[in-house]
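Report on the structure given below.
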Amino acid sequence: MRTLIKNGTIASASDTFLGDLLIEGEKVSLVGVGLEKLVGNVDRTIDATGKYVLPGGIDPHTHMDMPFGGTTSADDFESGTRCAAFGGTTCIVDFAIQPQGGSLKQGMEDWHRKAEGKACSDYAFHMIMRDVNKSSLLEMDQLVKHEGITSFKLFTAYPGVFYVDDASIFRAMQKTGENGGLICMHAENGPVIDVLIEQAVGRGEIAPKYHALTRPPRLEAEATHRVIALAEVAKVPVYIVHLSAKEALQQVREARDRGVSAIAETCSQYLFLSYDNYEEPGFDGAKYVMSPPLRPKGNELDLWKGLQLDDLALVSTDHCPFCLKEKQLGKDNFSKIPNGAPGVEMRMSLLWDGGVRTGKIDVNRFVQITSTAPAKMFGLYPKKGSLAPGSDADVVVFDPNREIKWSAKTHHTKADYNPYEGRTTKGGPSHVFSRGNLIVEGEKWLGSKGAGKFVKRNARRV
Ligand SMILES: [Zn+2]
């Protein structure tokens with residue numbers, strides 16, 4: 001199958017030019033100018049006049065089919081990758097979880113079972129480690145060398161669930177110095193947050209907004225500072241997931257200015273929502289309960305600056321949707337509200353509308369923070385995150401004039417609410433290809449369940 005996308009504005013993380021792109025089979029085979037005359041007959045031609053041609057989005061932070069607090073996130077790998085594709089994201093890196101008392105291998109097998117035969121586009125895994133001990137440290141080597149799982153997430157939050165102590169974090173970091181893996185950190189001071197939660201609930205402060213008020217920015221900044229220091233001593237890079245507070249960004253910036261390899265992502269919700277959402281009437285604030293929480297208005301200005309200056313490397317979503325019924329679990333106690341919200345479908349359009357259209361970032365930076373940086377950071381490049389010949393034909397034809405009005409009635413995630421309900425964004429995909437297959441055309445779904453493949457990722461060069 002040969003597809004020619006012609007007359008588009010082809011944009012990579014560095015270049016923008018008017019041209020054509022040829023897809024042959026699953027790969028990009030040619031990129032250039034005037035290809036129509038050169039390539040002869042093709043099976044399909046798409047006229048991309050007035051549109052951009054971009055590498056498919058990569059969201060390196062999703063939680064499909066994830067158990068949390070007695071329930072499970074609403075999107076499985078089928079609906080999750082499908083809604084991602086509708087939003088122009090063609091590859092996700094999801095978090096497999098080491099089961100309590102189990103091995104990393106079991107966690108990996110669990111996640112392969114969840115995804116295989118279901119995912120509609122390609123996917124990879126990080127591994128969440130609950131226990132750092134002799135055997136799990138050895139397993140890290142196996143995962144990096146043989147299984148294509150080259151990053152590991154540890155938590156300074158959620159005592160009794162995911163929390164590990166500093167010594168464990170340090171040991172795991174040292175391990176990645178040997179095997180080329182990368183440690184990803186959820187950085188919030190969980191033990192102190194738990195004290196604040198206990199005290200708040202004791203005072204009868206049970207509404208959703210207290211979720212945010214018991215997780216102050218300072219405790220994100222403190223944990224961010226700490227894990228960067230640990231990585232510095234272990235002489236390895238560290239990756240901070242879902243950085244939300246400007247105080248935490250300040251820690252990353254300070255470290256980077258000293259030449260320390262501290263890398264951080266933020267998520268679209270921290271750029272486009274704020275603490276004010278927790279003040280919505282009734283129990284609506286629960287829709288935005290996620291960790292870290294949304295921060296006060298104005299905080300996002302610092303995050304944009306971070307994206308402009310590369311102190312923030314990319315934008316993910318932490319897509320972890322729950323339906324309102326599940327959110328009700330915390331009706332009488334905010335700490336029982338399942339943490340998470342849908343995001344993967346909206347990310348590209350939000351960033352285009354709020355970033356490129358407003359002039360905060362240009363189209364190349366857009367490609368960088370939505371696709372190329374995640375690919376490079378997590379060992380998917382140049383298979384993913386690139387339109388160079390030989391790369392997977394995960395290609396998005398992006399219409400800068402397409403308007404999308406976000407609503408739970410029309411979105412494709414299985415969540416029954418949308419955090420951006422009623423908001424209109426300008427800029428969205430018109431055609432989405434996954435390894436050469438056209439899987440989305442406007443509002444039409446052309447993909448198929450199970451067509452997505454697991455992608456083994458490369459280790460960081462040690
Ligand atoms: Zn997460």
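Overview of results
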{"item": "Failed condition for Val462, given (1) at pLDDT 95 or above; (2) of a type in the set (A, V, I, L, M, F, W, C); (3) in a loop (DSSP other than H, G, I, E, B)", "result": "(1)"}
{"item": "When residues of the stretch 20-39 are limited to those that are in contact (Cβ under 8 Å) with a residue 24 or more places away in the chain and small (Gly, Ala, Ser), the one surrounded by the most Cβ atoms within 10 Å (Cβ to Cβ)", "result": "Ser29"}
{"item": "For Met64: the one exception among (1) open to solvent by less than 10 Å² (accessible area, probe 1.4 Å); (2) more than 16 Å from the ligand (Cβ to nearest atom); (3) part of a loop (DSSP other than H, G, I, E, B)", "result": "(2)"}
{"item": "Condition met for Ala255 (more than 22 Å from Phe95 (Cα to Cα), within 16 Å of the ligand (Cβ to nearest atom) and either at pLDDT 95 or above or of a type in the set (A, V, I, L, M) (or both))", "result": "no"}
{"item": "Count - residues of the stretch 341-359 that are in a loop (DSSP other than H, G, I, E, B), within 14 Å of the ligand (Cβ to nearest atom) and either small (Gly, Ala, Ser) or surrounded by fewer than 23 Cβ atoms within 10 Å (Cβ to Cβ) (or both)", "result": "1"}
{"item": "Which listed residue is free of Cβ contacts under 8 Å to residues at least 40 places away in the same chain and closer than 30 Å to Ile46 by Cα, from Lys449, Lys453, Lys444", "result": "Lys444"}
{"item": "Residues (assigned to a loop (DSSP other than H, G, I, E, B) and within 29 Å of Ser79 (Cα to Cα)) located in the stretch 313-340", "result": "Ala313, Thr317, Asp318, Cys320, Pro321, Phe322, Cys323, Lys331, Ile337, Pro338, Asn339, Gly340"}
{"item": "Residue match in the stretch 81-94 (condition: open to solvent by less than 10 Å² (accessible area, probe 1.4 Å), closer than 18 Å to Arg130 by Cβ and in contact with a strand residue (DSSP E or B) (Cβ under 9 Å, 6 or more places away or on another chain))", "result": "yes"}
{"item": "Residue among Gly204, Gly148 that is under 23 Å from Met108 (Cα atoms) and either of a type in the set (Gly, Ala, Ser) or at pLDDT below 95 (or both)", "result": "Gly148"}
{"item": "Filter result for Gly8 (surrounded by 23 or more Cβ atoms within 10 Å (Cβ to Cβ) and either more than 16 Å from the ligand (Cβ to nearest atom) or of a type in the set (S, T, N, Q) (or both))", "result": "yes"}
{"item": "Conditions (1) within 16 Å of the ligand (Cβ to nearest atom); (2) touching a Gly at 6+ places or on another chain (Cβ under 7 Å); (3) aliphatic (A, V, I, L, M); (4) not in a loop (DSSP other than H, G, I, E, B): number failed by Leu271", "result": "(1)"}
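One line per residue, one yes/no per condition, for (1) of a type in the set (Val, Ile, Thr); (2) open to solvent by less than 50 Å² (accessible area, probe 1.4 Å); (3) touching a Pro at 6+ places or on another chain (Cβ under 8 Å); (4) touching a residue at least 60 places away in the same chain (Cβ under 8 Å):
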{"site": "Phe272", "(1), (2), (3), (4)": "no, yes, no, yes"}
{"site": "Tyr275", "(1), (2), (3), (4)": "no, yes, yes, yes"}
{"site": "Tyr278", "(1), (2), (3), (4)": "no, yes, yes, yes"}
{"site": "Pro281", "(1), (2), (3), (4)": "no, no, no, no"}
{"site": "Gly298", "(1), (2), (3), (4)": "no, yes, no, no"}
{"site": "Leu301", "(1), (2), (3), (4)": "no, no, no, no"}
{"site": "Trp304", "(1), (2), (3), (4)": "no, yes, no, no"}
{"site": "Leu309", "(1), (2), (3), (4)": "no, no, no, no"}
{"site": "Leu312", "(1), (2), (3), (4)": "no, yes, no, yes"}
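The values are calculated or read from the model by the stated rules, or taken from the named source; none is laboratory data. All of these numbers come straight from a predicted model, not from anything done at the bench. Note that each Cβ is placed from the backbone with ideal geometry, even for glycine, and that neighbours are counted across all protein chains shown. Just so you know, the surface numbers come from the protein's heavy atoms only, side chains and all, with ligands and any DNA or RNA stripped out. Shrake-Rupley method; radii C 1.70, N 1.55, O 1.52, S 1.80 Å.
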